[in-house]
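Have a look at the structure below before the remarks.
Every number in this text was worked out from the coordinates using simple rules, so none of it is lab data. Predicted model, so just to flag it, every value in this text is computed and none were measured. Because the Cβ atoms are built from the backbone with ideal geometry, glycine has one as well, and the counts that use them run over all protein chains shown.
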Amino acid sequence: MTIYNFSAGPAVLPKEVLQQAQAELPDWHGSGMSVMEMSHRGKEYMGIQAQAEADLRELIGVPANYKVLFLQGGASQQFAMIPLNLLRGKLSADYVNTGEWSKKAIGEAKKFSYVNVVANNADKNCTYVPAFDTWKLDKEAAYVHYTPNETIGGVEFNWVPKTGSVPLVADMSSNILSRPVDVSKFGLIYAGAQKNIGPAGLTLVIVRDDLVGHAPSGLPAMLDYKTHAENDSMYNTPPTYGIYMAGLVFQWLKKNGGIAAMERTNIAKANLLYAAIDASNGFYHCPVNKADRSRMNVPFTLKDAPSTGSGLDGEFLKLADARGLLQLKGHRSVGGMRASIYNAMPLAGVQALVNFMNEFSRNHG
Ligand SMILES: *Cc1c(COP(=O)(O)O)cnc(C)c1O
């Protein structure tokens with residue numbers, strides 16, 4: 001049976017990447033060592049990290065005046081590092097609230113800064129992207145932070161806010177590498193690796209040079225972007241195996257047509273799944289505004305069984321599991337189902353899910 005893993009994160013990785021990692025596990029390229037066993041300052045490992053950075057730069061077109069940092073601490077640590085490093089003596093930062101992850105970022109920023117929430121979708125249960133002309137931006141803000149893809153709510157921006165000279169900061173944890181991005185429009189992009197890059201434990205930060213080096217004195221070295229930028233992410237031991245795996249994913253992306261090809265497949269996958277939900281006569285329901293539906297995370301609920309009044313969720317999950325369709329349970333805060341269909345989920349996996357959903361609704365509708 002073919003297994004398809006719809007986990008929101010840590011999430012599916014390309015089969016070819018896992019097989020390559022398996023083949024190289026005990027002896028990387030004749031070095032006699034596993035990548036896990038290598039000194040991070042040895043020439044073999046330094047080559048792996050340099051190649052991963054070069055491939056990432058090529059894939060998404062990172063301009064020369066941006067640093068690529070391989071950090072730890074997850075996207076959650078960036079929620080604090082961003083205000084700590086980017087306030088630059090200013091008094092407040094602008095944040096857009098579009099759901100659970102925005103809220104976490106806002107909560108952490110409030111410990112260090114006055115936070116101006118410039119737009120908020122809580123009035124409709126976080127199911128849409130607030131139109132740009134309603135945002136109350138502050139020209140004096142240190143930066144504008146937003147979450148281009150809300151992993152839990154399934155709300156995704158299909159446009160990039162224009163914030164003029166105020167640096168734009170984006171939490172791309174769950175949609176980085178899924179669609180082309182013009183990096184030059186951003187001051188800082190960050191992403192935990194475990195959704196669309198590689199294994200958990202690595203955090204990617206892409207930051208414009210001029211935003212580095214403004215941390216207040218007394219900030220711990222590990223929390224200062226400058227520390228990592230000046231040391232090519234080798235101030236301390238980087239998450240070497242995670243970076244190696246991310247590098248294999250970058251090479252897989254390049255071999256498969258790069259980000260533009262990935263986007264075409266991602267659109268096809270998302271269209272297929274949303275079409276099945278919308279054609280189910282209300283058996284399945286996705287609460288997100290159609291124009292703002294995520295291509296990566298598709299939350300949906302099931303109609304309750306009319307005869308019993310009890311939910312069908314358990315039955316759906318049990319039968320899906322038996323078909324090899326795994327980890328479809330929705331986030332505990334919203335319930336229902338969530339199908340995460342990141343880059344490594346093939347179209348055939350979404351087709352298998354849709355076939356199952358159609359059959360299930362026929363049998364239980
Ligand atoms: C998963 C996720 C996070 C949290 O990432 P950690 O690496 O667990 O800290 C933050 N933001 C978004 C959008 C996410 O999807």
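Key figures for this structure:
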{"item": "Percent of Cα pairs exceeding the 22 Å cut-off, where the set is segment 258-364", "result": "27"}
{"item": "Segment residue 36-residue 321, length gained on full extension (0.36 nm per residue, minus Cα span)", "result": "99.3 nm"}
{"item": "Residues of type aspartates and glutamates that residue 104 reaches as a straight line, Cα spacing below 13 Å, ignoring anything fewer than 8 places off in the same chain", "result": "150, 171"}
{"item": "Residues of segment 92-106 with amide N under 11 Å of a point placed 7 Å along Cα→Cβ from residue 140", "result": "92"}
{"item": "Segment 15-255 - charge dipole about Cα centre, Lys and Arg +1 at Cβ, Asp and Glu -1, debye rounded to 20", "result": "400"}
{"item": "Among the listed pairs 67/226; 15/254; 103/226; 103/124; 67/255; 67/185, those beyond 18 Å (Cα-Cα)", "result": "103/226; 67/255"}
{"item": "DSSP beta bridge pairing in the chain, given as percent antiparallel to the nearest 5", "result": "55"}
{"item": "Quotient of C-alpha Rg and 2.2 N^0.38 Å, computed over the chain", "result": "1.02"}
{"item": "Listed residues 346, 62, 194: farthest to the positive end of the dipole of the chain (Cβ charges)", "result": "346"}
{"item": "Full-extension gain in nm, residue 114 to residue 19, via 0.36 nm per residue minus C-alpha separation", "result": "29.4 nm"}
{"item": "The chain - percent relative contact order, Cα under 8 Å, separation 6 or more", "result": "23"}
